Amino acid sequence: MKWLAKNLHLLEGISHCVVDEFTAFKHKQTQRSKTLAVLLKKIEYVVMLSGTPNSNHITDIWFPAYMVDGGERLGRNFFAFRDQVCTPVQVGPRPEMRQWVEKEGAREMIAHLLSDITVRYQFEDCLDVPEHSVHTYFVDMPPQVMRQYHELLDASLLETENGEISAVHAGSRIKKLLQLLSGAVYDEDGEVVKVHDVRYELVMQLAAEREQCVIAFNWRHEREALTKWADKYGFTYGFIDGSVKTADRTRLVNEFQAGELKLLMAHPQSAGHGLTLTRGTSTIWTTPTYNAEHYTQFNRRIYRAGQTRKTETIRIAARDTAECDVYDKLDGKVERMQDLLDLMCQLRRKQ
């Protein structure tokens, strides 16, 4: 896009622009969004496509809508829009420790405002694809890990209540808790300190009982543990993350689709869009994610056009820990996103 923005003369005579996966442009201030805004000034008709329009927050919809109608429906100022659809809630003693909580009726209002420019095609209504199911498997952490977990949790709660920890640091503490549960933590130098690997054997046991699987990992140490256990089980596998070149990624996808790989391990951000992995029938989440877009899109790599068998998403969680809360929050985000899509579709049909 940067190159095209420097050569705008190439857009002469082009009247339509279709932007796929518009959630990549949900923040107005990113360089990517600014570049798109420059390109669209030359375009008369704009179509934005996404299956996850408000994947993580109701305000995610504002800038894509602005790109389509110039702010006619949701307004030209993001902060005014946020004030209209959200309420600030203080979650700690410091001024910056607050969350913007969706107001009651906000989804209905947005759906009504956007209904005249919204068309929705639901995957299940367009294609005859076998059913998809979701299951959660629990793993018990070793006693020493649970002691460390509760010590870190108690210290974090105390510091938050006393105002000794900022919102940024509170977020890093939560991340540290989740890392501990995943099997390792990172020290100040970014080095991995391994603690346990109990969940990775469960992943391989589940994979052994199934055909080809797509496995999600969130951290580098997860990838390393998964490959170690895959070697122990004698599985053929490949992995995709930010370190893998495009050509190698294409090769791995082709090998998986040809049945040459039992497992394809991937980071959701690197493999959540554009890949067809319909040879697989199971998606396994080694650890949870807060990102509803990554979660939804990654699960769709196997549950998509061309799939002829039943599929499943398997979620692994450490019993009685914050991981269960992460999945609960994730389900809430997915449900709210689905609600907005349904509302816009219903209102469109009435017009």
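Any read-out appearing in this document is the output of simple, stated calculations on the displayed coordinates, not a laboratory observation. Quick caveat: nothing in here was measured; it's all calculated off a predicted structure. Cβ sites come from the backbone with ideal geometry, for glycine too, and all protein chains shown count toward neighbours.
How many percent of all Cα-Cα pairs in region 224-351 sit more than 17 Å apart?
Looking at region 224-351, the distances longer than 17 Å represent 65 percent of pairs.
If you rank Phe79, Phe298 by fewest surrounding Cβ atoms within 10 Å, what's the result?
On the way: Phe79 10, Phe298 26.
Listing Phe79, Phe298 from fewest to most nearby Cβ atoms yields Phe79, Phe298.
Residues with amide H under 5 Å of Trp285's amide H, sequence separation 5 or more or different chain, H placed in the peptide plane at 1.01 Å from N; which?
Ala216, Ile314, Arg315, Ile316
State to the nearest 20 debye the size of the charge dipole of the chain about its Cα centre, where the only charges are +1 on K and R beta carbons and -1 on D and E beta carbons. Show your work: numbers first, answer last.
Working: 45 positive and 48 negative charges, 230 e Å.
That gives a dipole near 1100 debye.
Would you look at the GNM of the chain, springs on alpha carbons closer than 10 Å, and say which of Ile43, Ile58, Ile316 moves the most?
Ile43
Pairs of alpha-carbon atoms within less than 8 angstrom and 6+ residues apart define the contacts here; what relative contact order does the chain have, in percent?
Numbers: 507 pairs, mean separation 65.5, N = 351.
Relative contact order, the chain: 19 percent.
Provide Asp342, Asp60 in ascending order of the number of other Cβ atoms located within 10 Å of each residue's Cβ, fewest first.
Working: Asp342 14, Asp60 20.
Listed from fewest to most nearby Cβ atoms, that is Asp342, Asp60.
Whole percent per 10 Å bin, from 0 to the bin with the longest distance: what is P(r) over all C-alpha pairs of the chain?
In whole percents, the pair-distance histogram is 5, 20, 28, 27, 16, 3, 0.
Over region 2-120, what per residue volume does the convex hull of the Cα atoms give, in whole Å³?
Working: hull volume 13.6 nm³, N = 119.
Enclosed volume per residue, from the Cα hull, is 114 Å³.
Measuring from centroid to centroid over Cα atoms, what is the spacing of region 46-88 and region 248-303 in Å?
The two parts, judged by their Cα centres, are 29 Å apart.
Which of the GluC sites (Glu not before Pro) across region 207-259 are loop residues per DSSP, with 12 or fewer other Cβ within 10 Å?
On the way: sites: Glu209, Glu211, Glu222, Glu224, Glu255; in loops: Glu209, Glu211.
Qualifying residues, ordered by number: Glu209, Glu211.
Within 10 Å of each residue's Cβ, count the other Cβ atoms and sort Leu341, Leu127 from fewest upward. Show your work: numbers first, answer last.
Details: Leu341 20, Leu127 12.
Fewest to most other Cβ atoms nearby, the residues stand as Leu127, Leu341.
Going through the cross-link list Lys34/Lys103; Lys2/Lys26; Lys2/Lys28; Lys6/Lys34; Lys2/Lys42, which pairs have a Cα-Cα distance over 20 Å in this structure? Could the numbers behind the result be given before it?
Details: Lys34/Lys103 29 Å; Lys2/Lys26 18 Å; Lys2/Lys28 16 Å; Lys6/Lys34 13 Å; Lys2/Lys42 15 Å.
Cα-Cα > 20 Å for Lys34/Lys103; rest within.
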